[in-house]
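The values are calculated or read from the model by the stated rules, or taken from the named source; none is laboratory data. Worth saying up front: this structure is predicted, and the values here are computed from it rather than measured. Quick reminder, even Gly has a Cβ in these numbers, built from the backbone with ideal geometry, and neighbours come from all protein chains shown. All accessible areas refer to the heavy atoms of the entire protein, side chains included, with ligands and DNA or RNA removed. Shrake-Rupley method; radii C 1.70, N 1.55, O 1.52, S 1.80 Å.
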Amino acid sequence: MLASEEGAGLNAQDGAAVKAGHPAAESHARNGAAESGPAESAPPRKIIHIDMDAFYASVEQRDNPELRGKPVAVGGSKQRGVVAAASYEARTFGVRSAMPSVTAKRLCPELIFVKPRFDVYRAVSQQIREIFAEYTPLIEPLSLDEAYLDVTENLRGIATATQIAEEIRAKIRAVTGLTASAGVSYNKFLAKLASDHRKPDGLFVITPRMGPAFVEDLPVGRFHGIGPATAAKMKQLGIETGLDLRAQTLPFLQRHFGKAGQHYYWISRGIDERPVRADRIRKSVGAENTFVADLFTLDAAQSELQPIIDKVWRYCEASGIHGRTVVLKVKYADFQQITRSRTLAAPIAARRDIERIAFALLEPLFPVPKGIRLFGVTLTSLGEEPPEDKTQLSLTL
């Protein structure tokens with residue numbers, strides 16, 4: 001773990017030093033008003049990002065001693081199966097979540113597949129959430145296994161965010177038998193980077209003094225929210241590190257990355273003013289992917305939609321949330337974007353129904369006049385009520 005207790009507390013004095021002393025911060029102060037940047041008058045916040053280590057797989061290894069120390073994948077082992085989570089023993093072979101099961105088995109012939117038990121994962125997640133609530137009401141869950149906590153003012157009156165993170169990790173281990181990694185910093189972006197830095201079972205602190213320099217040394221592919229396709233595009237533009245990204249002007253980034261350009265501009269300077277949003281109501285759940293090579297055929301498009309649909313459905317299964325509207329997003333090579341949607345009378349009961357609807361929305365677009373660079377699939381009209389009659393949803397579209 002880095003940082004002293006003073007740094008871990010993220011004192012206002014540290015924040016002032018960054019604002020006054022770092023070149024990026026000074027540039028931000030000069031140009032912030034002209035570029036609609038965040039205000040800098042408030043003292044640094046204390047943000048913790050908690051991320052459970054290989055959550056689904058770790059629960060399975062906890063509950064079945066025969067799986068401990070072995071490569072485990074949670075998910076289906078059949079031809080169309082996908083890995084929902086992988087133990088650290090499996091990850092050493094290159095097995096990752098969202099990977100096709102046949103690929104995972106090829107990488108690790110000894111891989112043990114376990115069917116997911118989402119009811120158990122939800123119950124454990126609730127135990128963890130109750131631990132968070134002992135320290136702050138400002139909790140923003142990202143999924144069953146990770147969340148942001150704003151502990152700038154906390155219920156225990158503890159002086160430093162580092163101590164809170166240490167206590168939370170210890171309580172999670174005592175109550176659930178599982179390990180968690182924690183990142184502590186003055187904003188959400190850096191807290192997320194910090195929690196990834198010492199995984200598994202680690203704690204890392206990025207103080208205001210450290211923030212801008214920490215970002216500039218990282219490859220842009222390590223930035224949360226920059227996927228492989230965006231990282232590849234940045235590399236073509238000569239942007240490979242946080243320092244390279246920080247060297248670009250705001251207009252340049254907006255021209256090449258649209259609305260996301262402004263976000264990249266600020267995070268390359270260690271600046272992220274997004275608040276921790278407690279108990280936010282999720283209005284939709286979706287996933288998208290940008291392709292390295294444009295798609296031109298229906299077969300290729302249907303194939304590339306599969307992992308996107310898998311990701312959306314895994315979230316639905318894990319969270320117990322169901323939707324009635326499927327939205328297909330298509331972005332062409334020239335960045336023209338269209339959406340198509342269809343709404344059912346009852347909540348969608350199975351993955352195959354999302355696939356059927358998405359394919360029905362996709363097929364009329366072919367043959368395409370230009371290549372497709374991105375697909376997205378989103379479920380809206382969300383609710384927690386289970387579908388009443390699954391047979392009603394097998395519709396001919």
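Structure summary
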| item | result |
| --- | --- |
| Potential lengthening between Gln254 and Asp217 on full extension [0.36 nm per residue; Cα-Cα distance subtracted] | 11.1 nm |
| Accessible area in square angstrom per residue, region 296-379, 1.4 angstrom probe | 42 Å² |
| Carbon and sulfur %, accessible surface of region 145-270 computed with the full protein complex present, 1.4 Å | 51 percent |
| Compactness relative to 2.2 N^0.38 Å, alpha carbon Rg of region 52-177 | 1.21 |
| Label-point gap, in nm, between Ala360 and Gln336 - each point 7 angstrom along Cα→Cβ | 2.6 nm |
| Percentage, to the nearest whole number, of Cα pairs in region 324-386 over 19 Å apart | 34 percent |
| Unsatisfied cross-links (Cα-Cα over 20 Å) in the set Lys78/Lys115; Lys115/Lys171; Lys259/Lys329; Lys70/Lys115; Lys46/Lys188; Lys199/Lys259 | Lys115/Lys171; Lys199/Lys259 |
| Whole-number accessible area per residue in Å² for region 69-201, which is evaluated in the context of all protein chains at 1.4 Å | 44 Å² |
| Two-decimal Rg/Rh across region 122-261, once Rg and the Kirkwood Rh are taken from alpha-carbon atoms | 1.04 |
| Inter-part distance where region 308-342 and region 90-118 are each reduced to a Cα centre, Å | 25 Å |
| With every protein chain in place, region 43-122: carbon and sulfur % of accessible area (1.4 Å) | 54 percent |
| Extension gain (nm, one decimal) between Ala232 and Lys283, 0.36 nm per residue minus Cα-Cα | 15.3 nm |
| Fully extended contour minus Cα-Cα distance, from Phe113 to Glu240, at 0.36 nm per residue | 42.1 nm |
| Sites Ala350 and Arg62 - FRET efficiency at Förster radius 30 Å, r taken between beta-carbons, to 0.05 | 0.55 |
